[in-house]
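One structure is given here, and the rest of the page talks about it.
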Amino acid sequence: MSEQFRELEKPAGARNKDVVLMATVTSFQALSFPGKSELRQFAELFQPLFAGSSMEARREAVAALSQSPSLPLSVAAFIASQPISIAAPFLASSPALSDDMLIMIARTQGADHARAIVKRERLSPTVIDALVSLRHALPPRPEKAATRAAQAEPSRFDRIMTELTMADLPGAVTEVVAARQRATTPQPATTAAREPDGSAREEALRQTIKRMAYQQRPAASDRLGRRQATPLQTALLVRFARSHDGGLFATTLADLLTASRWLAERILLDISGRQLATTLSGVAMEPADAIFILEHIYPHLARRENGASRAESLFFGMDPDQAEDRIDSWIRADRYTFAGEEPQGGTRETGSGAGNTPPGIAVANQASAKRQPVGDEHARQVLRARKR
C-alpha cells in the first residue's frame, strides 16, 4: 500500500493513474466520518481519475467503494450509471444508494441494472413495487433472447420476482396457499379460462407489498391500547367549555388524562391554546368538538384568518402521533412531581362515593392532599380571575 502512495510523488506525466485512483479510494475509505470538505474533494477527484484508469482498476475501485456507507451523491449516481460489468457489485451491496436512486437506476439503465438491484439483501416495499411494475417493461438480455424463445423457460430475474409473494406475512399466506392449490388441482377447460392472468397476479403482489408497508403505521381509527376520549368525556368537556366553567373542565380533563388536576390547570394556562390543542389531538377527539372547545376556552382563537379560524389552523396543524408522545411526557413529569401516586395494593377507599370515584381522580386527589406543587400560584390566580 505504501508503494502505491509513492506513485503520488512522481511528476504528473509519470504517474500511474490506476495507482492514483486506488490511492484516492483507499485514503477516502480510511475516513470514518468524512466531512463536507472531504466529500467535495473526493467527488472532484474521483471522476477524472476514473475516466483515465483501466477497466481492471475501475472494477477494483467500484468494488472497494461498494462497502462505504458515506459517498457523495454525484459519485454514487455516477458509479451506478456505469456499464453493468463495473456497476454490478455496487448496485448489489452499496449502502450509499437510497430507495429513490435505486428506482431511478432501474427505470433508466435497463434490465441488467434492475437484475443487479434484485440481488440486494434488503429491499424496501417501495423498491420492490417499482421492480414488479418494471417486470414486463424491461427487455430481456440480448444474448439470452434466442435461448429463452427456444426453451420457453423463465429467467432467474423472473423467478425471483415471482417468488416475491411475501409468504411470511399473515395476509399473504392464504393467497400463496390458494395459488398453490389452484396450480396442483386440475381444472376444467371452462374454469381454466377464467384463471387470473399475469397482470392479476402482479396486482395481487402489489397489494401484498402495500399491506406490508402500511402495517407499520396503523390507521387513525385503530386506537387499540391508546388513549382516547370517550363520548361521555367529550360531551362533558363541550358542556363545560360552553358554560365557561373552568373548574369542572379542568377536573374532566384530569380524569381524561388520568393525571392530577394540577397538570390540567397547567395545560389551560397556555393562553395560546397550543397545549390544549395538543391534548385534544392526542386523545383522538373529533375535530368539530375540539375546535368548539378551543374557540370557547380561548375566544381569540375564534377569529377567522384566510377562510378558517385560528382554532382550525391550530388543531389541523397537529401531528396526532407527536401529540400523543407529548402527552405521555407530560404525564410522566406529573407523576414525578407528585410523590405517592401509585396506590398500595391493600388500601381501600372509604366513604359513600368512594366506589364511584374513577381510579385516576382518586389517585390524583390523594397525591394533591399529600404534596402541593411548587410555584405557579400567581399563574393560577390569573387563570381564576380570567374565568370569572
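Nothing in this text is a laboratory measurement; each read-out follows from the coordinates by a stated rule. Everything numeric here is computed off the predicted structure, so don't read it as measured data. All Cβ positions, even for glycine, are placed from backbone atoms using ideal geometry, and neighbour counts span all protein chains on display.
So, R0 is 41 Å and r is the distance between the beta-carbons of R242 and Y336; what FRET efficiency does that work out to, to 0.05?
Approximately 0.75, to the nearest 0.05.
What's the magnitude of the charge dipole for region 27-80 around its Cα centre, counting Lys and Arg as +1 and Asp and Glu as -1 at the beta-carbon? Answer in Debye, nearest 20. Show your work: numbers first, answer last.
Working: 4 positive and 4 negative charges, 20 e Å.
Its charge dipole is roughly 100 debye.
How large is the Kirkwood hydrodynamic radius of region 42-117, in angstrom, based on all distinct alpha carbon pairs?
That comes to 12.3 Å for region 42-117.
Which of H113, H296, H244 comes first, and how do the rest follow, when ranked by fewest Cβ neighbours within 10 Å?
Details: H113 23, H296 18, H244 13.
Fewest to most other Cβ atoms nearby, the residues stand as H244, H296, H113.
Please arrange D334, D328 by counting, for each residue, the other beta carbons lying within 10 Å of its beta carbon, fewest first.
Values: D334 22, D328 12.
Taking fewest neighbouring Cβ atoms as first place, the list is D328, D334.
With r as the distance between the Cβ atoms of D112 and Q322 and R0 = 51 Å, compute the FRET efficiency 1/(1 + (r/R0)^6) and round to 0.05.
Values: r = 44 Å, r/R0 = 0.86.
Here the calculated transfer efficiency is 0.70.
Compute the normalised compactness of region 242-340: alpha-carbon radius of gyration over 2.2 N^0.38 Å, N being the residue count.
Expressed relative to 2.2 N^0.38 Å, the Cα Rg reads 1.06.
Could you work out how far the C-alpha centroid of region 275-345 sits from that of region 76-103, in angstrom?
Region 275-345 and region 76-103 have Cα centres separated by 46 Å.
Quick check: convex hull of the Cα atoms in region 264-307, volume per residue, rounded to a whole Å³? Mind showing how you got there, number by number?
Details: hull volume 3.3 nm³, N = 44.
About 75 Å³ per residue, rounded to a whole number.
Quick one: Karplus J couplings for region 305-320, per residue in order, coefficients 6.51, -1.76, 1.60, θ = phi - 60°, nearest Hz, x for Gly and Pro?
With coefficients 6.51, -1.76 and 1.60, one gets 9, 6, x, 9, 6, 5, 5, 5, 4, 5, 6, 6, x, 8, 8, x Hz.
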